[in-house]
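Inspection log for the structure reproduced underneath, given as structure tokens.
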Amino acid sequence: MQIVLNQISPVAFSVLGFPVRWYALSYIIACVVGYFFVRYLARRPDSGLNFDKRDFDDLLSWVILGVIIGGRLGYVLIYNFPYYLGHPLEIFAVWRGGMSFHGGLVGVIAAIFLFTKNLWRGLGFLDLVAVVAPIGLFFGRIANFINMELMGRVPNSDSAICVIFDGVSTECRHPSPLYEATTEGLILFIIMICLYKFTRLRTHPGALSGVFGMCYAGFRMFCEQFRAPDAQIDFLMNGWLTMGQLLSGIMFIIGAGLFVFAIRRRP
């Protein structure tokens, strides 16, 4: 089924002549919603986290920096290093897109442990971030769709859903960012919040983070079957393995190891 859409402007609105792009807006909304949601979860008596408001605000600032710096450096180093090696000033042009989830994840983990300087406290806060992270993933993938980034492959079947952006491309492609927004965002958020509220995994620091890692990796590897590989990298092996699948496979193994490590420790 073909759906024809007009090209969507990457600028959501302007403030005093300064353009606010959908990409930036998605990060702002995700950070604001995630901030208040994490504060709500951290107030639970069984969260095991004793932060005063100032510490909490400082830690969230570190997390935001970790997402931006880690996500950008991950994209530069993993996905397009030769280009940025020749155009180093473009590294700072984050408003043009180009962020790596896996790089942002490493940045968040580093920021949390640098701030807390305590393994179990750091894992406890990482679990809270894991619960709310799908909110950011949802808005980020919607922004990818609006910007026509990370679009999917051309379907093999005429019955498959595909999108044509009128005036941009004549090819009908899978709207893979919407697939990822649904799985990595909406469905994963429901899974994480249910596990946090209705199980005792929250009493095992690191367990929820491990579940997040495994679930995200599984959803990402599934969605990569519909997403076109990055043009500058293409497939890594025999026309099927993408960089996203490779990194997600590694993430799944690490998440499973963290889950087992957390569960084996007594609450």
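The values are calculated or read from the model by the stated rules, or taken from the named source; none is laboratory data. Every value quoted in this text rests on a predicted model; they were computed, and no experiment measured them. As a convention, Cβ positions derive from the backbone with ideal geometry for all residues, glycine included, and neighbour counts pool all protein chains shown.
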Selection from the range 170-190 of residues that are under 22 Å from Gly140 (Cβ atoms) and of a type in the set (S, T, N, Q) = Ser176, Thr182, Thr183
Only residues that are in contact with an Asp or Glu (Cβ under 6 Å, 6 or more places away or on another chain) and among the small types (Gly, Ala, Ser): list them for the range 228-264, please.
-> Gly244
How many residues are surrounded by 13 or more Cβ atoms within 10 Å (Cβ to Cβ), assigned to a loop (DSSP other than H, G, I, E, B) and not β-branched (Val, Ile, Thr) if we restrict to the range 7-23?
-> 1
Among the residues of the range 75-100 satisfying the criterion of being in contact with a Phe, Trp or Tyr (Cβ under 8 Å, 6 or more places away or on another chain) and either part of a helix (DSSP H, G or I) or within 26 Å of Arg43 (Cα to Cα) (or both), which is modelled with the lowest pLDDT?
-> Trp95
May I ask you to list the residues in the range 114-126 that are of a type outside the set (Val, Ile, Thr), under 22 Å from Arg44 (Cβ atoms) and more than 15 Å from the chain's Cα centre (by Cα)?
-> Phe115, Asn118, Leu119, Trp120, Arg121, Gly122, Leu123, Gly124, Phe125
May I ask you to verify whether Thr182 is surrounded by fewer than 16 Cβ atoms within 10 Å (Cβ to Cβ), of a type in the set (Val, Ile, Thr) and over 27 Å from Trp22 (Cβ atoms)?
-> no
Give the number of residues within the range 215-243 that are of a type outside the set (Asp, Glu) and in contact with a Leu (Cβ under 9 Å, 6 or more places away or on another chain).
-> 13
Of the conditions (1) touching a Cys at 6+ places or on another chain (Cβ under 7 Å); (2) aromatic (Phe, Trp, Tyr); (3) exposed (fewer than 15 other Cβ atoms within 10 Å of the Cβ), Phe235 clears all except one; give me its number.
-> (1)
By residue number, the members of the range 198-247 that are within 21 Å of the chain's Cα centre (by Cα), at pLDDT below 90 and small (Gly, Ala, Ser) are Ala228, Ala231
Lone qualifier among Ile109, Ile164, Ile187 - being of a type outside the set (S, T, N, Q), under 26 Å from Tyr79 (Cα atoms), within 21 Å of the chain's Cα centre (by Cα) and surrounded by fewer than 20 Cβ atoms within 10 Å (Cβ to Cβ) = Ile109
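Per-residue answers, yes or no, for (1) in contact with a Ser or Thr (Cβ under 9 Å, 6 or more places away or on another chain); (2) surrounded by fewer than 20 Cβ atoms within 10 Å (Cβ to Cβ); (3) not hydrophobic (A, V, I, L, M, F, W, C):
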| position | (1), (2), (3) |
| --- | --- |
| Ile69 | no, yes, no |
| Gly74 | yes, no, yes |
| Ala93 | no, yes, no |
| Gly104 | no, no, yes |
| Ala130 | yes, no, no |
